[in-house]
Amino acid sequence: MKIAHESCSGRLFRYLMFGAILTMTVRHCYGVTSKYIRKLEASADLPLDDEHVLSQGGYNTPEQVHLTQGDHDGRAVIVSWVTPSEPGSSVVNYGTSKGQYEHSANGSITSYKFYDYTSGFIHHCVLSDLEYGTTYFYKLGTGNSTREFSFTTPPRVNQDSSYIFGIIGDLGQTYDSLKTLEHYLGSKGQTVLYVGDLSYADHYPYDSNVRWDTWGRLVEPSTAYQPWIWTAGNHEIEYLPQIGEVELFKPYRQRYHVPHTSSGSLSPLWYSIKRASAYIIVLSSYSSYAKYTPQWNWLQKELPKVKRHETPWLIVLMHTPLYNSNSYHYMEGESMRVQFEPWFVKFKVDIVFAGHVHAYERTHRVSNVLYDIENNNCVPVYDKSAPMYVTIGDGGNIEGIAGNFRDPQPAYSAYREASFGHALLDIKNRTHAYYSWHRNQDGKAVVADSFWLSNRHHGKWEEHTNFGLPRRRKLPLKL
Ligand SMILES: [Fe+2]
């Protein structure tokens, strides 16, 4: 047999190619840090006279209209709004045909003071016993000051009910926030999972609550038409003892009601809902979660209640990420991770969404539950029962981008990027969901990270990213 002799330059070329492939493989195994950075400086808040934050309509017209789920199963909606000048009517007229409102419900009115600010009249009204998968039209206000909107209820709670969730965090009210919101409005998202830090009113002297009003108007084009599932962040705490404001989460709790009692929670800061094929658990990073505290007790009882044959997708929302390789807020979630991560693994949570860090990051399925202080097993390992952790505090608020990732990128981190944006979780059925993160880019939403997700309870396969990663099972056990 004749053996062809390879030239020196040919061998060199092969070695170089092998080296390049090896380098790319190692880099992919250990995650991707996107070099894409649109800009680092924070953009300004929208001015008070910007059209997106101005009051709509004439005298005492309902404004800041927002919806959230009103019960545990998705057959109720809480409609909330503000009348700026006088109480007005707290009635919601609604029905399944536009302009024909055969039903009505009576709400309640509240208002609050925060230092030198007095709120408008805040209305909350629960619409109950709605039909699944039905579009409802509703009308607020009286006389010449009425406004009309609509929403669509989710499909019946069922393991194969498909549904598209949007995920937004740390939005604020800047020009970047507006871009994120407009990009989400152009998507097919049906309900937003909001992971905390809403208005950033506390950026202003004495937490000027005027900025809560402007935020309510900014997001109304979405919140009046679909529920946002609320999570509280640190910017909602608003603890200012120097001016006598010591009631934690006061403006947030006055303005954003949630159905916490329907899941047996004593606090609106942690609760759960079922929606389509998803079971959503909302936790509070800024309330006690140590053993035997109310939140710990509630979650301990809550997780075993989830029937995965009914709601296969188990999703947890919180504000402070448990896994974060950004220098900003590094390890702030560590104490909650120690407390709750073993439960997340035991009950096979699919995804944990968090905000707080103003950048994007997604992890592999990892856990760090073996460590017992003395055994040195303190490095996250690949764990197919573990959730995927997504940090998405990249809504675009006034504090700017968190562009300082730790180097090198830790092995648990699959993809990270210092850009603003939003995500979509498109649940197809009991086994498959398609997740995508959309960065803000030149006025467009561009998919920068996406993958098919395998349900932890029903799924029979491991996920692949779209970055050519090998099966994650092949990641080293000790990362
Ligand atoms: Fe935060």
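For the chain, what does the accessible surface come to per residue with a 1.4 Å probe? Please give it in Å².
So the chain comes to 42 Å² accessible per residue, rounded to a whole number.
Nothing charged except the Cβ atoms of Lys and Arg (+1) and of Asp and Glu (-1): what's the magnitude of the dipole of the range 325-444 about its Cα centre? Round to the nearest 20 debye.
About 520 debye.
Give me the percent relative contact order of the chain, please, defined on Cα pairs under 8 angstrom at least 6 residues apart.
Reported as a whole number, the value is 17 percent.
Too long at a 31 Å Cα-Cα cut-off: which of Lys35/Lys460; Lys291/Lys460; Lys139/Lys179; Lys35/Lys305?
Distance filter (> 31 Å) returns Lys35/Lys460; Lys291/Lys460; Lys35/Lys305.
Taking Cα atoms, how many degrees apart are the long axis of helix 8-29 and the longest axis of the chain, rounded to 10 and kept between 0 and 90?
The angle comes out at about 30 degrees.
So what are the radius of gyration and Dmax for the Cα set of the chain, in Å?
23.8, 97
Leaving out ligands, DNA and RNA, and with a 1.4 Å probe, what % of the accessible surface on the range 310-397 is carbon or sulfur?
Ligands and nucleic acids excluded, carbon and sulfur reach 52 percent.
With each run of n ≥ 4 DSSP H residues scored as -39500 (n - 2.57), what mean residue ellipticity at 222 nm is computed for the chain after dividing by its residue count and rounding to the nearest 500 deg cm²/dmol?
Counting only the DSSP helices, I get -5000 deg cm²/dmol.
Dipole size in debye (nearest 20) for the chain around its Cα centre, Lys and Arg Cβ +1, Asp and Glu Cβ -1?
So the magnitude is around 2480 debye.
Which of Ala42, Phe249, Tyr330 sits farthest toward the positive end of the charge dipole of the chain, with +1 on the Cβ of Lys and Arg and -1 on the Cβ of Asp and Glu?
Sorting the options by dipole projection puts first Tyr330.
Between Gln173, Ile351, Leu240, whose Cα lies farthest towards the positive end of the dipole of the chain when Lys and Arg beta carbons carry +1 and Asp and Glu beta carbons carry -1, centred on the Cα centre?
Comparing the listed Cα positions along the dipole, Ile351 ranks first.
Round to a whole angstrom and tell me the spacing of the C-alpha centers of the range 373-444 and the range 131-179.
Here the two parts' Cα centres lie 25 Å apart.
Let's see if you can work this out: charge +1 on each Lys and Arg Cβ, -1 on each Asp and Glu Cβ, no other charges. What is the dipole magnitude of the range 205-361 about its Cα centre, in debye to the nearest 20?
So the dipole magnitude of the range 205-361 works out to roughly 680 debye.
Measure nothing but the geometry: give the 0 to 90° angle between the long axis through the Cα atoms of 175-185 and the longest principal axis through the Cα atoms of the chain, rounded to 10°.
In the chain, helix 175-185 runs at an angle near 90 degrees to the longest axis.
To the nearest 10 degrees, how steeply does helix 210-223 sit against the main Cα axis of the chain, on a 0 to 90 scale?
Relative to the chain, helix 210-223 is tipped by roughly 70 degrees.
The values are calculated or read from the model by the stated rules, or taken from the named source; none is laboratory data. Predicted, not measured: the structure shown is a model, and the values here were computed from it. No Cβ is skipped: glycine too gets one built from the backbone with ideal geometry, and neighbour counts run over all protein chains shown. What goes into the accessible areas is simple: the full protein's heavy atoms, side chains included, and nothing from ligands, DNA or RNA. Shrake-Rupley method; radii C 1.70, N 1.55, O 1.52, S 1.80 Å.
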